[in-house]
Amino acid sequence: MTFEEQAELQVQKLERATAEIISRDDLKRKIANSLRDKKPLRIKLGLDPTAPHIHLGFAVVLRKLRQFQDFGHQVVIVIGDFTARVGDPTGRSATRKVLSVEQIKENANTYRNQLARILDPEKTEVRFNSEWLEQMNFADVIGLASKYTVARILERDDFERRFKNGIPIGVHEFIYPLMQGYDSVVLRADVEMGGTDQKFNNLVGRELQREDGQESQAVVLMPILEGIDGVQKMSKSLGNYVGITETPSEMFLKLMQIPDTMIRRYFELCTDVPMDEVDAHLQSDNPRDCKRWLAREIIAIYHSKEEAEQADSEWQRVVSNKGVPTDIEECVLESASLKAVDLVMQAGLAPSKREARRLVEQGAVLVDGVAWNDPNQVYEAADGAKLKVGKKWRALRIK
């Protein structure tokens, strides 16, 4: 088999779940040259340490990096400890708050510990971009800024929108894409990974490399995974996330909440199960069984197959009420239709609405074994339903 044929096979496998490759021909050529020269490609991913807990949405791009590693390539993780002092303006409707140096260091250390759950440490190089950006003097910054025009910067949707609406844009925010692109120049990246929201920043890297006389990096963009609500981007702040360090039981409960319409997408982005096998099951099995299968597959990746099976058994035990205490206290509700936060309050399981809201957002509130994450979700109560908050139970009865 020729190097080009081997490269084609790698690209075909790498294409699963990708949103866009810029360009496919560039990536194939780079891989073929890598095989011919026996020199691994350098696959870059930049991380601003602003959200220290990795969830399934973020794991989508990390799993693709692991696939590159399995093909023998070198991953370079750039912890943006310097760029985080500016803050990535991508998708922002206002200037982003700058993190303290202490918070950046704390978040960066948390990231490094979690990365090993997905990436091969032997093929992972971790760098902090303060190594080179902090050494630049003002003349260096001016020189970097001269390589890009304001018109090009304003092509970004978020900048263009803010400019037209008279919303302030800090000059330092214009510098951010240049700093991220300069990381690629310093590291001589062959490929840069990112979500679709990072396309502009990744393309800046291509241009800066070209200006520096380097071969431009290929760009592999990954889709943005919706949260368990099936609507908004998975985010810890929105409470619709599944963390990879959560317990198997917590992960299982959350994954059972995803809409039926999201089952196939979660299989594609979060597992390695062949999609023809997934499609066959989706046509023949009921959605609940498909979700249980999905949950087991995902949990097995971050914990173990045995723990995934245990989480499934625990979920079945809870929803069938076999795990409910026999001396469960009864709670009489004033209304059959209540918001989740009000339900927790009426059940006497939180001292305040603020605490009740926090419990719901953290997924600590379960009704008949199903966790809730939206404090404003309306619950249509029914006699005999079982409410669990933490380790406390209530049997619901309508007044």
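So if I check each of Arg36, Arg42, Arg24, which one is among the basic types (Lys, Arg) and touching a residue at least 40 places away in the same chain (Cβ under 8 Å)? Spell out how you get there, then give the answer.
On the way: Arg36 fails: touching a residue at least 40 places away in the same chain (Cβ under 8 Å); Arg24 fails: touching a residue at least 40 places away in the same chain (Cβ under 8 Å).
Residue meeting the stated conditions: Arg42.
For the range 283-299, give me the residue count where each residue is surrounded by fewer than 17 Cβ atoms within 10 Å (Cβ to Cβ) and assigned to a helix (DSSP H, G or I). Spell out how you get there, then give the answer.
Step one: list which residues in the range 283-299 are surrounded by fewer than 17 Cβ atoms within 10 Å (Cβ to Cβ), which gives 283-289.
Subsequent filtering for residues that are assigned to a helix (DSSP H, G or I) retains 283-284, 287-289.
Of the residues in the range 283-299, 5 are surrounded by fewer than 17 Cβ atoms within 10 Å (Cβ to Cβ) and assigned to a helix (DSSP H, G or I).
Restricting attention to the range 289-322, which residues are of a type in the set (Lys, Arg) and out of contact with any helix residue (DSSP H, G or I) (no Cβ under 9 Å at 6 or more places or on another chain)?
So the first thing to find is which residues in the range 289-322 are of a type in the set (Lys, Arg), and the list is 291-292, 296, 305, 317, 322.
Across the range 289-322, the qualifying residue is only Arg317.
Note down all Cβ pairs under 9 Å where the first residue falls in the range 73-87 and is under 30 Å from Asp37 (Cα atoms) and assigned to a loop (DSSP other than H, G, I, E, B), the second is modelled with pLDDT of 95 or more and among the charged types (D, E, K, R), and they're at least six residues apart or on different chains.
His73/Arg42; His73/Asp190
Yes/no per residue for (1) under 30 Å from the mean Cα position of the chain (by Cα); (2) within 25 Å of Gly227 (Cα to Cα); (3) loosely packed, with under 15 Cβ neighbours inside 10 Å:
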{"site": "Arg354", "(1), (2), (3)": "yes, yes, yes"}
{"site": "Leu359", "(1), (2), (3)": "yes, yes, no"}
{"site": "Gly369", "(1), (2), (3)": "yes, yes, no"}
{"site": "Trp372", "(1), (2), (3)": "yes, yes, no"}
{"site": "Glu380", "(1), (2), (3)": "no, yes, yes"}
{"site": "Lys386", "(1), (2), (3)": "no, no, no"}
{"site": "Arg394", "(1), (2), (3)": "no, no, no"}
{"site": "Ile398", "(1), (2), (3)": "no, no, yes"}
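Among the numbered criteria (1) within 18 Å of Arg66 (Cα to Cα); (2) surrounded by 18 or more Cβ atoms within 10 Å (Cβ to Cβ); (3) of a type in the set (Gly, Ala, Ser), which single criterion is violated by Ala308?
Answer for Ala308: the failing condition is (1).
In the range 135-177, what residues are outside any loop (DSSP other than H, G, I, E, B), β-branched (Val, Ile, Thr) and farther than 18 Å from Leu208 by Cβ?
Within the range 135-177, Val171 is the sole residue that qualifies.
With a cut-off of at least 1 residues that are among the polar types (S, T, N, Q), name the strands (runs of 3 or more DSSP E) lying wholly within the range 333-399. Steps first, answer last, please.
Values: elements: 337-339, 365-367, 370-372, 378-380, 386-389, 392-398.
Answer list for the range 333-399: 337-339.
Residue by residue through the range 207-223, note down the ones that are within 24 Å of the chain's Cα centre (by Cα) and surrounded by 19 or more Cβ atoms within 10 Å (Cβ to Cβ).
As a first pass, look at the range 207-223 and keep what is within 24 Å of the chain's Cα centre (by Cα): 217-223.
If the condition is that a residue be within 24 Å of the chain's Cα centre (by Cα) and surrounded by 19 or more Cβ atoms within 10 Å (Cβ to Cβ), then Gln217, Ala218, Val219, Val220, Leu221, Met222 are the ones that fit.
Here is a check on your reading of the model: is Leu238 outside the structural domain of Gly57 (by TED's automatic domain parsing) and in a loop (DSSP other than H, G, I, E, B)? Reasoning before the result, please.
Details: outside the structural domain of Gly57 (by TED's automatic domain parsing): yes; in a loop (DSSP other than H, G, I, E, B): yes.
Criteria met by Leu238.
Can you name the residue in the range 28-53 that is under 23 Å from Met251 (Cβ atoms) and touching a strand residue (DSSP E or B) at 6+ places or on another chain (Cβ under 7 Å) and, of all such residues, is surrounded by the fewest Cβ atoms within 10 Å (Cβ to Cβ)?
Checking each candidate, the answer is His53.
Every residue in the range 311-329 that is surrounded by fewer than 20 Cβ atoms within 10 Å (Cβ to Cβ) and modelled with pLDDT of 80 or more, please.
Matches in the range 311-329: Asp312, Ser313, Glu314, Gln316.
Quick check: anything in the range 111-134 free of Cβ contacts under 8 Å to residues at least 24 places away in the same chain and among the hydroxyl-bearing types (Ser, Thr, Tyr)?
no
Counting only residues that are small (Gly, Ala, Ser) and more than 13 Å from the chain's Cα centre (by Cα), how many does the range 32-58 have? Even if it seems obvious, please write down each step before you answer.
First pass over the range 32-58, keeping only residues small (Gly, Ala, Ser): 32, 34, 46, 51, 57.
Filter once more, so that each one left must be more than 13 Å from the chain's Cα centre (by Cα): 32, 34, 46.
Residues meeting the conditions: 3.
Got a number for residues in the range 191-225 being assigned to a strand (DSSP E or B) and either among the hydrophobic types (A, V, I, L, M, F, W, C) or assigned by TED's automatic domain parsing to the domain that holds Leu255 (or both)?
Within the range 191-225, residues that are assigned to a strand (DSSP E or B) and either among the hydrophobic types (A, V, I, L, M, F, W, C) or assigned by TED's automatic domain parsing to the domain that holds Leu255 (or both) number 7.
Count, please, the residues in the range 97-121 that happen to be among the acidic types (Asp, Glu) and modelled with pLDDT of 90 or more.
Qualifying residue count, the range 97-121: 1.
Tell me, yes or no, whether the range 168-178 has at least one residue that is under 30 Å from Lys39 (Cα atoms) and free of Cβ contacts under 8 Å to residues at least 60 places away in the same chain.
Among the residues of the range 168-178, at least one is under 30 Å from Lys39 (Cα atoms) and free of Cβ contacts under 8 Å to residues at least 60 places away in the same chain, which makes the answer yes.
State all residues of the range 147-190 that are at pLDDT 85 or above and either surrounded by fewer than 18 Cβ atoms within 10 Å (Cβ to Cβ) or of a type in the set (Lys, Arg) (or both); if no residue qualifies, say none.
Residues of the range 147-190 at pLDDT 85 or above: 177-190.
Of everything in the range 147-190, those that are at pLDDT 85 or above and either surrounded by fewer than 18 Cβ atoms within 10 Å (Cβ to Cβ) or of a type in the set (Lys, Arg) (or both) turn out to be Val186, Arg188.
What single numbered condition from (1) in a helix (DSSP H, G or I); (2) modelled with pLDDT under 95 fails to hold for Ile228?
(1)
The values are calculated or read from the model by the stated rules, or taken from the named source; none is laboratory data. As the structure is a prediction and not an experimental result, all values here were calculated from the model. Glycine gets a Cβ as well: all are built from the backbone with ideal geometry, and neighbour counts include every protein chain shown.
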